[in-house]
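What follows is a single structure, written as structure tokens, with notes after it.
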Amino acid sequence: MAGTTLFAGVALLTLVAPFELTEPIVRLPRQSVSNLEAAVLCAFACGAAAVIWSRRLPVWQTPLTAPWVAVLVAMFVASAIAPASRVNALHMTGRLGAAFGVYLLTVNAVTTPARVMSVLRLALATGVVVSVLAILEYLGARPVLTLLTAFRPAVTTVGSQIRAGGSLQYPTIAAMYLEVVFAFGLGLLLTELDTARPARVAWVFMALAVIAEAITLTFTRAGLITMTTSLLYVGTMRRRRRAGEAGAALLAGLAVVIVLLFAGSRSPESVWLRLTSESQESWYRARFAAPPALELPTGRLTRVPITVTNTGRLPWDSHATPPMLISYHWLGADGDRFVAFEGARTPFAAPVLPDATVSMDMVVRAPRQPGRYRLEWDIVQEGRLWFSTEPGAVRAMSPATISGHAFDEPVLTMPPPRSTLRPGRLVLWRAAARMFEAHPLVGVGPDNFRLTYGAYAGLFGTDERTHSNNMYLEMLAGGGLLVAAPFGWLLWRSALCANRIASILDGLGGTAALGVAAALLAIAVHASVDSFLSFAPTYVLFSLTLGCAVACANGAERWPDAHRV
């Protein structure tokens, strides 16, 4: 009964992890509790009930206990003396503490091969649900789009391309979650093959194809790299002792299916654009050849001839969703305040490809008060962005004189909109390096990179949701050498654990445990281009993976029929 109670907590976390609601279920001073965090507390309650039921202390001396405790102690010290945002840093320390609790719960619950298989199957089934939601999101299914607003505010796009995220908050977090589940599934696929269950082999194969399609639709480059890494790792380990056997052929077939899905998911131009550019800063560019001066009657619609060249990397299509339209803004003769920001839209007669030039008459409505103004030419991707607010945009204006009858209404002005900031990875990584240089011993505080990187990158008006896009740099900048040293110890111990799984199972063929080792590799690879430990869905899955890995490494030699794990 105690073991069943423990496992129930792990199963609950496996099922709930990717479905964290944006609206908390409990609000406390300086803290709120989401449904996933409530599930973590419920799982801990299951662990406490199991201890009381069995009257035995849980296993806590594991290969990762000492380094993980050292990380927590170091993070607490770094948080207590952080130069800013100590409360936020302590919250991050608390999240890593909760992750440690999930890890210990998993080690104590996953004590048999059947339970290992159950956790992996639950994770795979949950990953399929997330993937189906992501695919339907990409296809624009309205009921699904409405449902997903409970998990994040809006659909994410890059250029005109939707980046599906399913029930996860961001597409990159969705990709991280699904990459780990994909690795689990590779181990399950080979296990079902070894046990001669063709129906289950077909089911797992289809599940992996659906998950791979969802990873592709996140439009995350790291997802493609990590899937490839997992396939190569599992395939190599499989062939090492079974050259030419069916498992390697099955993995090769899966790889072919993934390539076909990837090729058919987007246009070749969109894929090439995403793979060859770090950010979309150079995507939205235009050069205008406009009249040097204008004279317009007040409040009237006038057609103005203009020539515009597409100097960006996206085609301008007024019939796409969302459409690209040419427009304008009205400013006063001096200063930077706008008299009217939302100008009339004029569609392009045909798509304007990169480097192409088009001449056209655009519709302009003059201000309703006579005087001197400036007319700023612009292009809008409807509902998403204006070219003039993109980083590095060159603004084009024509002086204008408005004459005629003055309408009986005041002239209201508005401040300019904030320019969009999309710092690339190199900018963020340099900022992290400067943080470490300035605070080498204790850093700026765990999770404080996102709150302080603007000063180190020379940026203003930064987005506090932006992390360093590298988990290793995030820990180094946030905690300095004090945190980085024990965190490196934790990573080294985790790598030894993965290597132990691979060495034990090398002579036994492909097993589900090999999928766990591949998941650890997936986490390590993705961590080089993203930081994810501050998000509850991913730190829960990270802890579950480490717990399963330690359970497999410790149990593979003593469990009966270990090769079936």
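Each value in this text was obtained by applying a stated rule to the coordinates, not by laboratory testing. Computed from a predicted model, the values in this text were never measured in an experiment. Cβ atoms come from the backbone with ideal geometry, glycine included; neighbour counts cover every protein chain shown.
Could you compute the FRET efficiency for T228 and A485, with r as their C-beta to C-beta distance and R0 at 41 Å, rounded to 0.05?
Working: r = 32 Å, r/R0 = 0.77.
That gives a FRET efficiency of 0.85.
Rounded if a/c is under 1.5, else prolate if a/b is larger than b/c, else oblate: which is segment 353-411, with a ≥ b ≥ c the root eigenvalues of its Cα gyration tensor?
Prolate, because a/c is 1.5 or more and a/b exceeds b/c.
If one computes the Cα centroid of segment 1-53 and of segment 433-469, what distance in Å separates the two points?
32
What's the ranking of 53-62, 531-540 by average number of surrounding C-beta atoms within 10 Å, highest first? Don't skip to the answer; put the middle values down first.
Working: 53-62: 11.9, 531-540: 23.3.
Packing proxy ranking, top to bottom: 531-540, 53-62.
Quick check on the chain: helices-only [θ] at 222 nm, where DSSP H runs of length 4 and up contribute -39,500 (n - 2.57) each and the sum goes over total residues. Nearest 500, please.
-17500 deg cm²/dmol
Listed highest first by mean packing, meaning other Cβ atoms within 10 Å per residue, what order do 289-299, 99-109 come in? Before the final figure, lay out each step's value.
On the way: 289-299: 14.2, 99-109: 23.9.
Order by mean packing, descending: 99-109, 289-299.
Could you please state, rounded to a whole Å, how far the C-alpha centre of segment 332-373 is from the C-alpha centre of segment 206-220?
Centre-to-centre distance over Cα atoms comes out at 41 Å.
Just tell me, in residue order, which DSSP H segments of the chain are both 27 angstrom or longer along the helix axis (alpha-carbon based) and at least -0.5 in mean Kyte-Doolittle hydropathy.
Working: long enough: 35-54 (28 Å, 1.59); 86-109 (34 Å, 0.69); 113-139 (39 Å, 1.61); 171-194 (34 Å, 1.38); 198-217 (28 Å, 1.68); 221-241 (32 Å, -0.12); 246-265 (28 Å, 2.38); 471-505 (38 Å, 1.13); 536-555 (28 Å, 1.27).
Long hydrophobic helices here: 35-54, 86-109, 113-139, 171-194, 198-217, 221-241, 246-265, 471-505, 536-555.
Give, rounded to the nearest 20 debye, the magnitude of the charge dipole that the chain has about its Cα centre when Lys and Arg contribute +1 at Cβ and Asp and Glu contribute -1 at Cβ.
Working: 45 positive and 34 negative charges, 186 e Å.
Computed charge dipole of the chain: roughly 900 debye.
Highest mean first, how do 543-552, 164-173, 143-152, 231-240 rank when packing is the count of other Cβ atoms within 10 Å averaged over residues?
543-552, 164-173, 231-240, 143-152
For Cα extents along the principal axes in Å, pick the label among (i) 74, 60, 50; (ii) 92, 55, 40; (iii) 94, 54, 50 that corresponds to the value derived from the coordinates.
Computed from the coordinates, Cα extents along the principal axes in Å corresponds to (ii).
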